[in-house]
Amino acid sequence: MGNEAILRQGVEVKKEGVGVAAWGAIEVKKGKWRGSVCSIVDAPIEKVWNIVSQTKRLPEWMPMVERCTDLSGQDGVPGYVRLVSGFMFPQQDGERSWIKETLLSMDSSTFTYVYAMEASNVGLDGSENSLKLVDYGEDSTLFDWSFEINAIEGASEDSIIDYLGFLYKSCINRIEGAIKAESPK
């Protein structure tokens, strides 16, 4: 594919009578694979931020994450390092996936953060993920998750980007449930 760009947009998902709009795009340039997933979450931006900005809450909206371990720094402060493990990516030996991540930036006033995948057993070393929330009105939030990974030799670009897109969309789709679970009954 070289430097050509691939764009995919306009996915709409209906689940249990609730409409969830989702968009995605991928771009492949100069040895980097880029993609993004956007979706509307039916919850106010502050509630979504409260869930997605805290490491200890990752398993609530990322079902494949079993454990998050603090390695250094303070959660929410650039330079913070965590080890995330679980079954994010199937391993031939049946072992759990693990990714060491460093928080590069976090801004609660703009509801954004960026983290780098520093090391892993899944081939995503050097990748960066950016999460951005936008108030979409009427107690809904636009969730934009973009990513950039180094090209993986011997892997299919489409397959990797599609898998990451599916994985990230499934996480976003769980946020409403996590918010409802924390609400008083």
> Looking at segment 128-153, which of its residues are of a type in the set (S, T, N, Q) and either in contact with a Cys (Cβ under 8 Å, 6 or more places away or on another chain) or within 20 Å of residue 53 (Cα to Cα) (or both)?
Replying inline: 129, 130, 140, 141, 146
>> Given the condition out of contact with any strand residue (DSSP E or B) (no Cβ under 6 Å at 6 or more places or on another chain), touching a residue at least 12 places away in the same chain (Cβ under 8 Å), assigned to a loop (DSSP other than H, G, I, E, B) and surrounded by fewer than 15 Cβ atoms within 10 Å (Cβ to Cβ), answer yes or no: does some residue in segment 154-177 qualify?
In response: yes
> If you take the residues in segment 29-53 that are modelled with pLDDT under 95 and assigned to a loop (DSSP other than H, G, I, E, B), which one is nearest to the chain's Cα centre (by Cα)?
Replying inline: 31
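Conditions (1) at negative phi; (2) of a type outside the set (Asp, Glu), marked per residue:
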| site | (1), (2) |
| --- | --- |
| 85 | yes, yes |
| 88 | yes, yes |
| 92 | yes, yes |
| 99 | yes, yes |
| 104 | yes, yes |
| 111 | no, yes |
| 114 | yes, yes |
| 118 | yes, no |
| 127 | yes, yes |
>> Given the condition closer than 20 Å to residue 60 by Cα and at pLDDT 95 or above, answer yes or no: does some residue in segment 154-171 qualify?
In response: no
>> With the requirement that a residue be surrounded by fewer than 17 Cβ atoms within 10 Å (Cβ to Cβ) and β-branched (Val, Ile, Thr), what does segment 136-153 give you?
In response: 152
> Going by the structure shown, is residue 86 of a type outside the set (Asp, Glu) and either closer than 19 Å to residue 148 by Cβ or out of contact with any helix residue (DSSP H, G or I) (no Cβ under 9 Å at 6 or more places or on another chain) (or both)?
Replying inline: no
> Residues in segment 125-142: is at least one basic (Lys, Arg) and touching a residue at least 24 places away in the same chain (Cβ under 8 Å)?
Replying inline: no
> Does residue 120 satisfy being farther than 17 Å from residue 36 by Cα and touching a Phe, Trp or Tyr at 6+ places or on another chain (Cβ under 7 Å)?
Replying inline: yes
> Going through segment 26-77 one residue at a time, which ones are of a type in the set (Asp, Glu) and buried (at least 18 other Cβ atoms within 10 Å of the Cβ)?
Replying inline: 60
>> Can you list residue pairs whose Cβ atoms sit under 9 Å apart, with the first residue in segment 96-124 being closer than 11 Å to residue 78 by Cβ and touching a residue at least 24 places away in the same chain (Cβ under 8 Å) and the second being surrounded by 19 or more Cβ atoms within 10 Å (Cβ to Cβ) and of a type in the set (Lys, Arg)? Count only pairs 6 or more apart in sequence or on different chains.
In response: 103/82
> Restricting to segment 100-129, what's the tally of residues that are of a type in the set (Ser, Thr, Tyr) and either out of contact with any Asp or Glu (no Cβ under 8 Å at 6 or more places or on another chain) or assigned to a loop (DSSP other than H, G, I, E, B) (or both)?
Replying inline: 6
>> Quick test for you: out of 134, 65, 81, pick the one residue that is touching a strand residue (DSSP E or B) at 6+ places or on another chain (Cβ under 7 Å), closer than 19 Å to residue 35 by Cα and modelled with pLDDT of 90 or more.
In response: 134
> For segment 114-128, what are the residues that are buried (at least 21 other Cβ atoms within 10 Å of the Cβ) and farther than 14 Å from residue 103 by Cα?
Replying inline: 124
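The values are calculated or read from the model by the stated rules, or taken from the named source; none is laboratory data. Everything numeric in this text was worked out from a predicted model, so none of it was measured. Don't worry about glycine lacking a Cβ; one is built from the backbone with ideal geometry, like all the others, and counts go over all protein chains shown.
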